[in-house]
Structures are given as C-alpha cells and as structure tokens.
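Just so it is clear, none of the values below were taken in a lab; they were calculated from the coordinates. The shown structure was predicted, so the numbers you read here are calculated from the model rather than taken from an experiment. FYI the Cβ positions are ideal-geometry reconstructions off the backbone, even for glycines, and counts take in every protein chain you see.
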C-alpha cells in the first residue's frame, strides 16, 4: 500500500487546493468504498483512504459553480444502485448525510 494509507490516486494535487475543494464520503465497508471509487474515477480525481473503522473516498471538485450539486447528484444516483439508504460526507469540515433518491410517487 502506498504511503499515507492511500489505495488509489489519479493525477496530482495542486498546491493551491484547499479543503473547500474536497468532498469526503464515508462508506460502511471497504467493498462499498472501492465500488464508489471505481464509479468516480472515470470523471473525477478521487482516492480511497482506509483507517481503523472508516473507509473514506475523497473527491476533488472541479471548481465550476454548480459542480458540488452535480457531484452530489452523481453520488446519489450511485447510492440508489448500491442499495445503501444514505452515506455521510464532509465538506469544508462540516458533516452531512446524503440520502439515495426516493422513487417518485405516481398519481393513480
């Protein structure tokens, strides 16, 4: 395993990157974290950190105005297919919960 507990890494981190440019997603299992990482890496600079009791997928934001919303919708779509109801994430040092999309109610 590479230094710092990183299992995967794509690209390099700019010296101008701040914690405001990173979203950290906490997964309950390493297998789930690896699946999210595979889902993210085609379009996002992302990596997997494992520590005792936690599996974290870190994702860099692209910097565009609506990028956070796009990222969260992308992960929310993955959640629906992963059978997880929700996952915790951290942005700018604050914790949040992202829930899977609920199916739309149809009239009738």
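Here are the numbers for the structure shown:
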item: Extension reserve of the residue 102-residue 29 stretch, reckoned as 0.36 nm per residue once the Cα distance is removed; result: 24.0 nm
item: Contour excess over end-to-end distance, with Cα ends at residue 70 and residue 50 and 0.36 nm allotted per residue; result: 4.7 nm
item: Cα-Cα P(r), the range 21-99, percent of pairs per 5 Å interval; result: 3, 16, 30, 30, 16, 4, 1
item: Protection-proxy order for peptides 23-34, 90-101, each taking the mean of Cβ atoms within 10 Å per residue, highest first; result: 23-34, 90-101
